[in-house]
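K.L.:
Below: one structure in structure tokens.
The values are calculated or read from the model by the stated rules, or taken from the named source; none is laboratory data. If you're wondering where the values come from, they're calculated on a predicted model, not measured in any experiment. As a convention, Cβ positions derive from the backbone with ideal geometry for all residues, glycine included, and neighbour counts pool all protein chains shown. Areas reflect the complete protein model, heavy atoms only, side chains present, ligands, DNA and RNA absent. Shrake-Rupley method; radii C 1.70, N 1.55, O 1.52, S 1.80 Å.
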Amino acid sequence: MSNIDQTRPSGPYPPTEEMLAELVPAGEQARTAAELRAAWTPPKGWRYFIAVNNSEVGLWYALTAFGFMLLAGILALVMRLQLAVPENGLISADRFNQFFTMHGSAMMFLFAVPMFEAIAILILPAFLGGRDMPFPRLSAFGFWCFVVGGVFVMGSLLFDAAPTSGWFMYPPLATQDEGPGSDIWLLGLSFIEIASIAAAVELIVGVLKCRPPGMRVDIMPLYAWYVLVVGGMILFAFPPLIAGDFLFELERSFDWPFFDPARGGDPMLWQHLFWIFGHPEVYIVFLPSIAIAAMVVPTVARRPIVGYSWIVLSAVGTGFLSFGLWVHHMFTTGLPNISLGFFSAASEAVVIPTGIQLFAFAATLIAGRVKMSLPMLWIAGALVIFTAGGLTGVMLAIAPFNWQVHDTYFIVAHLHYTLFGGMVFPVIAGVYYFYPFIRKKMLSERLGRWAFWLIFRGFNVTFLPMHLTGLLRMPRRVFTYSAGMGWGWLNMISTLGAFVIAAGFAVFVWDLLRPKGDQKEVPRNPWGAGTLKWSHYVPAEYWGARSIPHITFRYPLWDDPKLVERMDAGRYYLPDSPHGHRETLVTSVIDAGPELVQRVTGPTWITLWAAAFTGGAFIFPTFHMYPLAIVSAVFAGVCIVHWLVLC
């Protein structure tokens with residue numbers, strides 16, 4: 001323990017049997033708990049929004065991302081109404097283009113990735129038996145950046161100024177688009193992507209350096225492994241898109257010819273930069289959701305996960321292979337056949353590590369004693385839908401077939417089967433599974449099953465016919481069609497299914513928001529799970545772990561039934577906070593040996609101001625207000641320097 005901050009008593013490492021057996025007087029427990037409570041309780045009243053606790057920021061983040069998803073869903077319903085019958089005039093072609101652009105952009109940039117970061121910020125410290133994220137103010141800064149950027153981008157719809165070129169913004173359509181729509185997309189989403197990179201850095205550091213003593217990398221929860229892999233993927237996938245966004249904006253604002261072939265540019269450059277981000281993005285979305293399944297499956301099976309090491313290797317392999325698939329989206333662009341063969345093979349190969357993870361979950365369920373709880377029902381639905389999407393993905397990886405259905409509704413069906421099954425269903429399962437951790441109440445079993453069957457059946461009614469619609473050659477991104485094309489009845493079925501999905505989400509949202517004051521609080525670990533997450537007493541206390549334990553098992557709550565009792569008694573590390581400081585333990589990367597006690601930063605306004613001024617540096621150039629952008633960037637720099645040096 002020589003590397004531990006000597007100003008803080010931390011106890012021997014590892015804890016001795018004498019220390020664990022020692023009784024802590026009730027008065028001493030109350031005193032140390034009061035010290036921790038004073039240090040970690042967030043501000044009250046109007047100052048509440050300067051809080052930086054992971055329990056608060058993570059919840060804000062998740063609710064905001066979910067709100068953007070509901071808004072994107074409303075746009076989808078309007079589009080389905082427009083396509084329900086031939087030659088419909090419900091909305092104009094320009095409005096339709098704005099809606100499909102913002103629907104895809106919101107789902108990918110304002111829901112999928114931010115929801116991963118929100119859930120990770122909220123629950124990762126609990127999985128690691130820690131107090132908070134290593135850089136809480138960075139979490140708060142990322143959240144406020146997300147809010148400012150998201151409101152700016154989605155708010156363009158209110159002024160009929162949203163982009164109309166699709167969420168992939170292909171040139172020359174997007175470079176020649178009149179009005180500020182494309183600029184709003186490029187600069188607003190670049191702002192959000194930079195905040196996402198900052199959040200990824202924090203999550204990586206949290207996994208590597210803030211594990212409890214003794215938790216070696218080979219026994220840390222699978223959720224932590226998935227967060228580590230996805231955080232690394234974000235660091236490598238987002239910079240190419242940000243670089244492309246800036247090149248694109250330079251062409252639009254200053255007429256630089258990066259994508260103009262008449263002046264030596266190449267529109268294919270944008271496709272390469274976008275899809276180098278775009279295909280890893282699919283697995284950035286998919287892997288965290290599979291991580292939720294990796295937590296739910298062992299709990300309902302009442303046994304450790306089968307093939308832990310294989311799952312870890314498969315997650316790493318999936319992340320690695322995903323960076324070699326971007327031309328999967330460019331088979332019809334005229335690339336050499338040898339390139340198509342390579343990327344077709346890589347697209348097929350990524351199925352292998354993905355399949356290993358799914359088979360490991362199935363083996364765990366077969367080997368265990370499964371109780372079909374509500375979270376497991378949603379996970380089962382996710383596995384069915386994602387597997388169907390994966391099968392059509394294998395078909396699309398074959399270049400000749402891809403040529404036939406490219407840019408048709410077959411692609412729309414495949415995309416939604418993959419992303420809905422791979423992300424939305426597991427996230428809803430996570431809401432039902434982790435809700436007792438967040439609010440000490442349970443969501444309704446009856447309403448949850450109603451929501452599941454409405455969404456599951458509505459989803460298949462909506463998107464299964466789209467495979468046939470695509471094979472009948474209905475192209476994507478058309479706002480109407482003639483009656484003679486024969487697509488009307490299929491589109492009507494899909495529209496009816498979309499409203500069934502909406503009904504299911506309405507039931508789910510009501511279950512979340514309905515008053516629960518008369519419902520009894522549930523026990524701390526209502527599912528009987530084995531991971532450290534359920535040792536936290538949230539939301540009654542904001543300090544995370546009452547004392548940071550020494551961990552030598554993958555499922556410590558199953559293998560050491562007295563662990564939570566000793567943590568609550570303060571028999572492990574950092575049981576108090578005598579100087580009123582927020583503190584957490586930093587450990588070594590591989591073996592998780594204690595290294596030092598870190599003082600964790602507390603509430604402040606500076607992160608909100610830094611986010612606002614940083615947003616101004618991106619937003620003002622959209623309207624060519626460059627002096628204001630420079631001033632805003634300077635103030636953002638001042639705020640960040642003040643934050644890092646003086647706060």
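K.L.:
Here's a check for you: in the stretch 385-412, which residue that is hydrophobic (A, V, I, L, M, F, W, C) and under 21 Å from the mean Cα position of the chain (by Cα) is surrounded by the most Cβ atoms within 10 Å (Cβ to Cβ)?
P.N.:
This residue is PHE386.
K.L.:
What do you reckon, is LEU447 open to solvent by 10 Å² or more (accessible area, probe 1.4 Å), assigned to a helix (DSSP H, G or I) and touching a residue at least 60 places away in the same chain (Cβ under 8 Å)?
P.N.:
yes
K.L.:
If you check every pair at least six apart or on different chains, which have Cβ atoms under 7 Å apart with a residue in the stretch 529-558 that is closer than 18 Å to THR32 by Cα first and a residue that is open to solvent by less than 30 Å² (accessible area, probe 1.4 Å) and polar (S, T, N, Q) second?
P.N.:
What qualifies is VAL538/SER55; TYR542/ASN53; TYR542/SER55; ALA545/SER535.
K.L.:
When the residues of the stretch 517-545 are narrowed to those that are within 30 Å of LEU454 (Cα to Cα) and small (Gly, Ala, Ser), which ends up least open to solvent (accessible area, probe 1.4 Å)?
P.N.:
My answer is ALA529.
K.L.:
Determine which member of the set GLY232, GLY206, GLY214 is in contact (Cβ under 8 Å) with a residue 12 or more places away in the chain and at positive phi.
P.N.:
After ruling out the rest, the residue left standing is GLY214.
K.L.:
Oh, and also: Can you spot a residue in the stretch 488-511 that is part of a helix (DSSP H, G or I) and touching a strand residue (DSSP E or B) at 6+ places or on another chain (Cβ under 7 Å)?
P.N.:
There is no residue in the stretch 488-511 that is part of a helix (DSSP H, G or I) and touching a strand residue (DSSP E or B) at 6+ places or on another chain (Cβ under 7 Å).
K.L.:
Quick one: in the stretch 485-516, of everything that is without any contact (Cβ under 8 Å) to a residue 24 or more places away in the chain and either at positive phi or more than 30 Å from the chain's Cα centre (by Cα) (or both), which residue is surrounded by the most Cβ atoms within 10 Å (Cβ to Cβ)?
P.N.:
Among them, the one singled out is GLY486.
K.L.:
Can I ask one more? Of everything in the stretch 29-52 that's polar (S, T, N, Q) and in contact with a Gly (Cβ under 9 Å, 6 or more places away or on another chain), which residue is modelled with the highest pLDDT?
P.N.:
THR32
K.L.:
So, in the stretch 343-372, of the ones that are over 27 Å from the mean Cα position of the chain (by Cα) and surrounded by fewer than 15 Cβ atoms within 10 Å (Cβ to Cβ), which residue ends up farthest from MET295 (Cα to Cα)?
P.N.:
Checked the stretch 343-372; the qualifying residue farthest from MET295 (Cα to Cα) is ALA345.
K.L.:
If the requirement is being open to solvent by 40 Å² or more (accessible area, probe 1.4 Å) and in a helix (DSSP H, G or I), which of these qualifies: LEU63, LEU59?
P.N.:
Numbers: LEU59 fails: open to solvent by 40 Å² or more (accessible area, probe 1.4 Å).
From the options LEU63, LEU59, the qualifying one is LEU63.
K.L.:
If ARG477 satisfies all but one of (1) within 20 Å of THR418 (Cβ to Cβ); (2) open to solvent by 70 Å² or more (accessible area, probe 1.4 Å); (3) not in a loop (DSSP other than H, G, I, E, B), what's the number of the condition it fails?
P.N.:
(3)
K.L.:
Check whether at least one residue in the stretch 462-469 is under 24 Å from the mean Cα position of the chain (by Cα), buried (at least 23 other Cβ atoms within 10 Å of the Cβ) and either at pLDDT below 95 or not hydroxyl-bearing (Ser, Thr, Tyr) (or both), and report yes or no.
P.N.:
Yes, the stretch 462-469 contains at least one residue that is under 24 Å from the mean Cα position of the chain (by Cα), buried (at least 23 other Cβ atoms within 10 Å of the Cβ) and either at pLDDT below 95 or not hydroxyl-bearing (Ser, Thr, Tyr) (or both).
K.L.:
What tally of residues in the stretch 404-438 results from selecting those that are of a type in the set (Phe, Trp, Tyr) and touching a Ser or Thr at 6+ places or on another chain (Cβ under 6 Å)?
P.N.:
Selection size over the stretch 404-438: 1.
K.L.:
Looking for whichever is closer than 27 Å to LEU81 by Cα, open to solvent by 20 Å² or more (accessible area, probe 1.4 Å) and either touching a Phe, Trp or Tyr at 6+ places or on another chain (Cβ under 7 Å) or assigned to a helix (DSSP H, G or I) (or both) here; the options are PHE452, PHE425, PHE459, PHE420. Which one fits?
P.N.:
PHE420
K.L.:
Oh, and also: Within the stretch 563-608, which residues are open to solvent by 30 Å² or more (accessible area, probe 1.4 Å), within 30 Å of PHE146 (Cβ to Cβ) and modelled with pLDDT under 90?
P.N.:
Once the filter is applied, which keeps residues that are open to solvent by 30 Å² or more (accessible area, probe 1.4 Å), within 30 Å of PHE146 (Cβ to Cβ) and modelled with pLDDT under 90, the stretch 563-608 yields HIS581, GLN598, ARG599, THR601.
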